[in-house]
Amino acid sequence: SSPKQIEGPDGRSLQLHFRSRLSLPLFTGGKVEGEQGAAIHIVLVDSKTGHVVTTGPEASVKLDVVVLEGDFNNEDDEDWTQEEFESHVVKEREGKRPLLTGDLQVILKEGVGTLGDLTFTDNSSWIRSRKFRLGLKVASGYCEGMRVREAKTEAFTVKDHRGELYKKHYPPALNDDVWRLEKIGKDGSFHKKLNTAGIFTVEDFLRVAVRDQQKLRTILGSGMSNKMWDALLDHAKTCVLSGKFYVYYNDDTRDVGVVFNNIYELNGLITGEQYLPADSLSDSQKVG
């Protein structure tokens, strides 16, 4: 028989299997869960019959939970040696916390077990395949002299915790969602108030800020303190404008045109052939 043959002493072929799929994507600091938040179940199966092994010492062994390289067993070869499995186990990066924390052991009862709380502390971007798998193997001291094939999940990505998705941008871009601005929490009350008022992007916000700051303060309501407002406005003003300009003429002769930038700030005046920047205009010209 092949040197890889997995057999118990009585000719049975024993294999561990994950019975649940993982809820993806996974994030650092978040709990590893099954689909729809369900528990993740493991079974010990006799591969020749397909039945769960419910009796005998092997039905109540202790298992170690490990992290594997995502490209382990990409060939979908149903067989691998213990050495091959062990050689794909991933340890934490140097100087980092253990890659997987929580309940790193599972005890089978009548051939069935459930993963406890598990959390990844690091993302998978530094790994060759950019993905991990979870693996299960029999803990040392159990099933001595008997080979039980290890279990593996599908390959998956672990991303940095959800906080990354809510990060503010410095500087914000005109087409950024308005919650990228300081003091506006994603899906929070300020965000919802702005959206209800038709303010969805940083550009929308700046346009209202230029034309009617008081209107903006009213939309945001009393929950926003002066200090928060100043931080919000200062952050919004660091936005790099598009370089687009609008010219408004007062009549068809087009003798005098008023120039605004894309957030409706006054940029200057065109009179005849001459362009006068806003900071060179007198107060009376601005009023006129």
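The values are calculated or read from the model by the stated rules, or taken from the named source; none is laboratory data. This is a predicted model, so every value here is computed, not measured. Ideal geometry is used to build each Cβ from the backbone, glycine not excepted, and the neighbour counts take in all protein chains shown. To get the accessible areas, we keep the full protein, side chains included, count just its heavy atoms, and leave off ligands, DNA and RNA. Shrake-Rupley method; radii C 1.70, N 1.55, O 1.52, S 1.80 Å.
Taking the Cα centre of the chain as origin and assigning +1 to Lys and Arg Cβ atoms and -1 to Asp and Glu Cβ atoms, the resulting dipole is close to 820 debye. Using all pairs of distinct alpha-carbon atoms, the Kirkwood hydrodynamic radius of the chain works out to 24.3 angstrom. Here the chain carries DSSP beta bridges of which approximately 90% are antiparallel, counting only pairs with both residues inside.
Hydrodynamic estimate: the Kirkwood radius of the range 169-251 over Cα pairs, inserted into Stokes-Einstein at 10 °C and 1.306 mPa s, corresponds to D of 121 µm²/s.
Here, the range 246-285 has an Rg and a Dmax of 9.8, 26 Å when only alpha carbons are counted. Please give me the summed charge of the neighbours of residue 184: other residues whose Cβ is under 15 Å from its Cβ, Lys and Arg +1, Asp and Glu -1. Net local charge, residue 184 excluded: +2.
Per residue, how large is the accessible surface of the chain? Use a 1.4 angstrom probe and give square angstrom. Working shown, then result.
Working: 16160 Å² over 288 residues.
That works out to 56 Å² for each residue.
On the range 14-163, 45 percent of the accessible area sits on carbon and sulfur atoms, based on a 1.4 Å probe. Restricting the calculation to alpha carbons of the range 132-288 gives Rg and Dmax of 27.1, 98 angstrom. Taking the average, over residues, of other Cβ atoms within 10 Å as the packing measure, peptides 246-257, 115-126, 130-141 rank 130-141, 115-126, 246-257 from highest down.
Each listed q (0.19, 0.22 Å⁻¹) maps to a log10 I(q)/I(0) for the range 41-125 from the Debye sum over equal C-alpha point scatterers, namely -1.06, -1.21. Here the accessible area is traced with a 1.4 Å probe on the protein chains. For the range 246-285, carbon and sulfur cover 49 percent of it. Gain on full extension, evaluated as 0.36 nm per residue between residue 144 and residue 101 minus their Cα-Cα distance, stands at 12.8 nm.
Within the range 14-163, the ratio Rg/Rh, alpha carbon atoms throughout and Rh by Kirkwood, equals 0.96.
For the range 168-238, what % of the accessible area comes from carbon and sulfur atoms, probe 1.4 Å?
49 percent
What value, in deg cm²/dmol to 500, does the helix sum -39500 (n - 2.57) over DSSP H runs of n ≥ 4 give at 222 nm once divided by the residues of the chain?
The helix contribution divided over the chain gives -4500 deg cm²/dmol.
In a fully extended conformation the segment linking residue 166 and residue 192 would gain 7.8 nm over its present Cα-Cα distance, using 0.36 nm per residue.
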